[in-house]
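These notes concern the structure reproduced below.
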Ligand code: F6P
């Protein structure tokens with residue numbers, strides 16, 4: 001039976017026709033014409049409120065988008081994902097990050113094996129490690145307690161733990177031996193060099209985080225770190241390389257063999273599974289830096305919050321389902337209103353790295369143009385997504401949002417309450433007021449983006465360069481407050497949004513073949529740069545770039561003589 005592409009089917013066609021009618025609609029008029037619109041497009045789950053009333057859509061749009069979701073087989077796809085079917089078709093495996101947050105008493109039998117005991121065995125292993133650190137009992141080769149942990153990883157082995165440790169730093173338990181966690185990802189060594197210059201090797205441990213354990217960025221940093229430790233600690237009495245390796249390295253990977261080859265002690269390895277994608281992996285061993293900062297109880301709360309969102313995703317009707325609705329708003333903008341830029345704007349400094357995290361989650365997952373069965377798609381997929389803390393972005397790129405030529409969808413994200421637990425009363429009042437100031441800015445910006453000049457009372461005709469057109473669509477996500485549980489739910493919300501969009505676009509969100517070629521060509525280029533042989537195989541532009549490096553190196557050599 002030949003497959004009819006999603007854009008050739010009834011719901012997509014109906015949406016295309018409907019979009020013509022909606023294209024001229026202004027959000028101002030959509031609100032004016034439908035009292036109660038805010039409540040009609042707002043949903044709650046797992047400590048989150050999602051307000052989609054500022055999307056440029058109507059009840060008819062909403063109904064047609066739900067038809068599209070059903071026509072794409074979404075309910076069946078959600079079931080297949082959560083039950084562990086091989087939804088990652090090109091790599092022929094399930095995508096079971098949701099299994100990492102199942103409670104211990106649950107059971108998920110996939111291809112004959114219950115995955116939950118293994119997941120909790122890893123969590124228990126993590127808990128034992130964290131306990132040793134927090135008791136000051138994890139000692140370096142010279143006997144001093146470890147104080148600094150540097151995570152060496154990149155992509156999913158960096159962005160998730162980096163984002164969450166920053167977001168939940170307030171949840172650090174104060175009755176434990178304090179561990180400072182740092183992150184070094186860049187292959188140029190600049191972040192690592194900075195840490196090596198200021199950390200004490202006797203009290204520093206490295207976590208090598210790499211699902212594949214082949215990523216050159218991470219392994220090159222790991223080699224530098226190992227040599228630094230060996231050369232600094234090797235001269236100490238009674239310290240040998242084996243002891244340094246054992247006391248100063250933890251490995252987290254899906255390849256125990258490669259961790260063994262690298263010399264990581266077997267009981268200092270946290271293993272995870274091929275069925276967890278790198279950018280979906282913060283929920284297990286890759287989350288060790290998070291647990292080292294917030295403690296295992298809070299880490300388990302993070303998992304519980306994500307699990308609450310998983311249950312909602314599985315159980316809620318499509319029309320009330322937060323990830324489904326967030327995804328459908330995106331589909332409407334990208335595929336029917338031609339809005340192909342999406343900005344993520346958290347109004348809470350703790351979410352500083354959230355946009356960077358989502359850039360990988362969304363664009364590495366859905367930056368695809370070939371369907372499951374190998375056809376080129378005839379429609380747009382993932383928009384260009386970027387972001388920044390909203391208050392800072394107001395002084396950077398909001399000008400473009402308000403008066404540029406690009407239509408941009410925005411996600412505003414903020415907690416309702418903050419600082420009410422600060423003990424000093426005067427400071428608490430100031431900080432709570434600063435939080436209200438931040439919320440006022442968040443709400444004002446989404447309002448101006450919606451209404452344009454009509455947001456001000458005296459709106460009359462305004463001169464061209466002062467004019468605000470408005471009508472930029474946005475979603476607002478409010479967290480009751482930012483806790484481990486609501487953060488878990490927020491991340492899971494976006495993970496599932498990505499899956500819903502991929503399902504409708506008929507693409508695989510769980511592979512990333514597009515990054516492989518670059519790695520291979522980089523290897524070849526490095527060989528030429530180092531060996532000074534084989535330049536003739538390069539194109540003219542690359543040849544000139546390489547020659548420029550060699551010329552600069554020769555000049556530097558001459559200068560230093
Ligand atoms: O290059 C892309 C990528 O494969 C990401 O998908 C992944 O998160 C990152 O590299 C790091 O991979 P690994 O965890 O295997 O080192």
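Return the whole-Å distance between the Cα centroid of the range 148-195 and the Cα centroid of the range 496-561.
Their Cα centres are 27 Å away from one another.
Based on the mean of other beta carbon atoms within 10 Å per residue, what is the order of 59-68, 248-257, 17-26, most packed first?
Descending packing order for the listed peptides: 248-257, 59-68, 17-26.
Determine which residues of the range 541-561 fall in the zone a paramagnetic label at residue 535 would reach in this model, i.e. backbone nitrogen under 17 Å from the point 7 Å along Cα→Cβ.
From the range 541-561, the list is 541-558.
Modelled label-to-label distance, residue 241 and residue 187, 7 Å Cα→beta-carbon offset: nm?
Result: 2.5 nm between the two label points.
Is it possible to state the helix-based mean residue ellipticity at 222 nm for the chain, with each DSSP H run of 4+ residues giving -39500 (n - 2.57), the sum divided by total residues, to the nearest 500 deg cm²/dmol? What is it?
The helix contribution divided over the chain gives -14500 deg cm²/dmol.
Subtracting the Cα-Cα distance from 0.36 nm times the residue separation, let me have the gained length for residue 370 to residue 89 in nm, one decimal. Intermediate values should be presented prior to the final figure.
On the way: separation 281, 0.36 × 281 = 101.16 nm, distance 1.24 nm.
Fully extending the segment from residue 370 to residue 89 adds 99.9 nm.
Inverting the mean 1/r over all pairs of different Cα atoms, compute the Kirkwood radius of the range 4-99 and quote it in Å. Each step should come with its number before you reach the end.
Values: mean 1/r = 0.0623 Å⁻¹.
Taking the inverse mean of 1/r over all distinct Cα pairs, the range 4-99 comes out at 16.0 Å.
If the chain between residue 434 and residue 384 were fully stretched, how many nm would it gain, using 0.36 nm times the residue separation less the Cα-Cα distance?
Stretched fully, the residue 434-residue 384 segment lengthens by 14.8 nm.
Note the full-extension length gain between residue 416 and residue 3 as 0.36 nm times their separation in residues minus their Cα-Cα distance, in nm to one decimal. Each step should come with its number before you reach the end.
Details: separation 413, 0.36 × 413 = 148.68 nm, distance 4.64 nm.
Computed gain between residue 416 and residue 3 is 144.0 nm.
Post the alpha-carbon centroid distance, the range 308-364 to the range 232-259, in whole angstrom.
Cα centroid to Cα centroid, the span is 41 Å.
Using R₀ = 35 Å, calculate the FRET efficiency as 1/(1 + (r/R₀)^6) where r is the Cβ-Cβ separation of residue 265 and residue 513; round to 0.05. Walk me through the numbers on the way to the answer.
Numbers: r = 34 Å, r/R0 = 0.98.
My answer for the efficiency is 0.55.
Order 374-383, 422-431, 274-283 from most to least packed using the mean count of other Cβ atoms within 10 Å.
Numbers: 374-383: 15.4, 422-431: 11.0, 274-283: 24.8.
Going from most to least packed, we get 274-283, 374-383, 422-431.
Based on the alpha-carbon gyration tensor of the range 273-339 and its eigenvalue square roots a ≥ b ≥ c, which shape applies: rounded if a/c is under 1.5, prolate if not and a/b is larger than b/c, or oblate?
It is prolate, given that a/c is not under 1.5 and a/b is the larger ratio.
Given the peptides 482-492, 235-245, arrange them by the average over their residues of other C-beta atoms within 10 Å, most packed first. If you can, show how the numbers build up before the last one.
Numbers: 482-492: 24.9, 235-245: 13.7.
In descending order of packing, they fall as 482-492, 235-245.
Distance between the C-alpha centers of the range 56-84 and the range 124-146? Whole Å please.
47 Å
A short reminder: the numbers here are calculations on the coordinates, not readings from a lab. Keep in mind the model is a prediction, meaning the values are calculated, not measured. Quick reminder, even Gly has a Cβ in these numbers, built from the backbone with ideal geometry, and neighbours come from all protein chains shown.
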